[in-house]
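The values are calculated or read from the model by the stated rules, or taken from the named source; none is laboratory data. Just so it is clear, the structure is predicted and the values come from calculations on it, not from any experiment. Here the Cβ is made from the backbone with ideal geometry for all residues, glycine too, and neighbour counts use every protein chain on show.
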Amino acid sequence: MVDNSKPLGIILWFTGLSGSGKTTLAEAVKASLKKINISVCILDGDIVRATNHQNLGFSESDIKSNNSLIVDMCVLERKKYDVVMVPIISPYRQSRNEALMELSPRFYEIYFSASLECVRRRDVKGLYDKADNGLINNMIGVSPNNEYQIPITPDFIINSEKDKLSTSVGDLFRFIVFQLKKYSGPHK
Ligand code: ADP
C-alpha cells in the first residue's frame, strides 16, 4: 500500500556490461538493508523483459523502449519502497539521461566497472559464448552495432573486477544508507 507520509524511495540505476555484478549486488545489498528495516524493490531488466514485455529484443530501439518502461515502473515503485534498485545493462547514455531527468532528484547512477575480458571469463549466463558462436546477434559490448557507453559522471562506481564481492556489498550498503539519511525529512 502507498504511504504518502513516506518520502519517495531513492532510485539506484545499476549500469554495466552483462556479468559485471549488478544482479548479484542488488540481491546481496537488499538482504543487508532488510536487516535494518529498509524496504527494497529490485526491477531487473531481464525479468521485466521476460514477463511484461516479451516482444522486446536487443535492437537499439527495443533496448531504449525497455529502459523507458522501467523508468515508468520506478515512478510507481518508489512510492512503496525506500529503495528501488534497477540492475539493467542500459548501454546508452541517452536512455540513462532520460531516466535521470524523469526520476531526479533521489536518482543515482551506479556504474559497474568490469572489462569485457573479465565478464567474458565469468560468462555467468553463457551469453558471450553464444555471441562468439553466432547464436546471439547484438550482444552488448561485443557487437559493433551495440556498444556499451561508459558513464561519464556516475554517482558511484563498483569495480567488480578488482574488488571482492564482500567489499562491494559493504561499499554500496554504506552509500545507500548515507543517501537515505539525507532524505529522511518529510515527503515532498
Ligand atoms: P549482471 O547482473 O551484471 O549481469 P551477475 O550479477 O549476474 O552480473 O554476475 C556477476 C558475477 O560476478 C557473479 O558470479 C558474482 O559472484 C561475480 N562477482 C565477483 N566479484 C564481484 C563484485 N565485487 N560485485 C559483484 N559481483 C561480483
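Observations, loosely collected:
- Candidate set: segment 153-166, residues that are farther than 14 Å from Ala26 by Cα and of a type in the set (S, T, N, Q); chosen: the one surrounded by the most Cβ atoms within 10 Å (Cβ to Cβ): Asn159
- Of the set (1) among the hydrophobic types (A, V, I, L, M, F, W, C); (2) surrounded by fewer than 17 Cβ atoms within 10 Å (Cβ to Cβ); (3) more than 14 Å from the chain's Cα centre (by Cα); (4) more than 25 Å from Asn37 (Cα to Cα), all apply to Ile150 but (3).
- Any hit, segment 43-62, residues being out of contact with any strand residue (DSSP E or B) (no Cβ under 7 Å at 6 or more places or on another chain), touching a residue at least 60 places away in the same chain (Cβ under 8 Å), surrounded by fewer than 18 Cβ atoms within 10 Å (Cβ to Cβ) and charged (D, E, K, R): yes
Yes/no matrix, rows are residues, columns are (1) over 20 Å from Lys30 (Cβ atoms); (2) in contact with a His (Cβ under 8 Å, 6 or more places away or on another chain); (3) in a strand (DSSP E or B):
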residue	(1), (2), (3)
Phe112	no, no, yes
Gly141	yes, no, no
Tyr148	yes, no, no
Phe175	no, no, no
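- As a summary of the residue check, Arg78 satisfies the conditions (1) touching a Gly at 6+ places or on another chain (Cβ under 8 Å); (2) within 27 Å of Glu147 (Cα to Cα) except for the one numbered (2).
- Entry remark, segment 95-127: residues being of a type in the set (Asp, Glu) and buried (at least 19 other Cβ atoms within 10 Å of the Cβ) number 1 in total.
- Restricted to segment 1-42, and to residues there that are more than 10 Å from the chain's Cα centre (by Cα) and of a type in the set (Val, Ile, Thr), the residue that is modelled with the lowest pLDDT is Val2.
This table checks each residue for (1) in contact with a Pro (Cβ under 7 Å, 6 or more places away or on another chain); (2) among the hydroxyl-bearing types (Ser, Thr, Tyr); (3) away from the ligand (no atom under 16 Å from the Cβ); (4) touching a residue at least 12 places away in the same chain (Cβ under 8 Å).
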| residue | (1), (2), (3), (4) |
| --- | --- |
| Asn67 | no, no, no, yes |
| Cys74 | no, no, yes, yes |
| Val86 | no, no, no, yes |
| Pro91 | no, no, no, yes |
| Glu102 | no, no, yes, yes |
| Ile110 | yes, no, no, yes |
| Ser113 | no, yes, no, yes |
| Arg121 | no, no, no, no |
| Asp132 | no, no, yes, no |
